[in-house]
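Trainee: So that we are looking at the same thing, I have put the structure below in structure tokens.
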Amino acid sequence: LPALFKQDLQNTEAKEGGTATLRCELTKPNAPVEWRKGDTTLYPGLKYEVKQQGCTAELVIYDLELDDS
């Protein structure tokens, strides 16, 4: 069976120039997670940090800009 979200995703608000952390909890530990913005896959680097431990996956977005919304 595929991994599912344990609860609905929540909107996050942050200020330009700040940092935002998006988090989801899955029904299966260490399930592969792909973070996307529209059709674009987001990869770790200076702008994005991807973390995953057990059933929790996080995307940290640094130096927020209006285009990140």
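The values are calculated or read from the model by the stated rules, or taken from the named source; none is laboratory data. Worth saying up front: this structure is predicted, and the values here are computed from it rather than measured. Quick reminder, even Gly has a Cβ in these numbers, built from the backbone with ideal geometry, and neighbours come from all protein chains shown. To get the accessible areas, we keep the full protein, side chains included, count just its heavy atoms, and leave off ligands, DNA and RNA. Shrake-Rupley method; radii C 1.70, N 1.55, O 1.52, S 1.80 Å.
Trainee: Sort through Thr27, Thr40, Thr19 and tell me the only one that's among the polar types (S, T, N, Q), touching a strand residue (DSSP E or B) at 6+ places or on another chain (Cβ under 8 Å), open to solvent by 40 Å² or more (accessible area, probe 1.4 Å) and without any contact (Cβ under 8 Å) to a residue 40 or more places away in the chain.
Mentor: Thr27
Trainee: Another question about this same structure. I want to confirm something. Restricting to region 1-30 and keeping residues that are part of a loop (DSSP other than H, G, I, E, B) and of a type in the set (Gly, Ala, Ser), which single residue is farthest from Leu46 (Cα to Cα)?
Mentor: Going through the qualifying residues, I end up with Ala3.
Trainee: For region 43-66: of the residues being over 13 Å from the mean Cα position of the chain (by Cα) and under 13 Å from Ala20 (Cβ atoms), which is least open to solvent (accessible area, probe 1.4 Å)?
Mentor: Leu64
Trainee: Within region 31-50, track down each residue that is part of a loop (DSSP other than H, G, I, E, B) and hydrophobic (A, V, I, L, M, F, W, C).
Mentor: Ala31, Val33, Trp35, Leu42, Leu46
Trainee: If I go through region 5-51 residue by residue, how many of them are among the aromatic types (Phe, Trp, Tyr) and under 16 Å from Leu66 (Cα atoms)?
Mentor: Result for region 5-51: 1.
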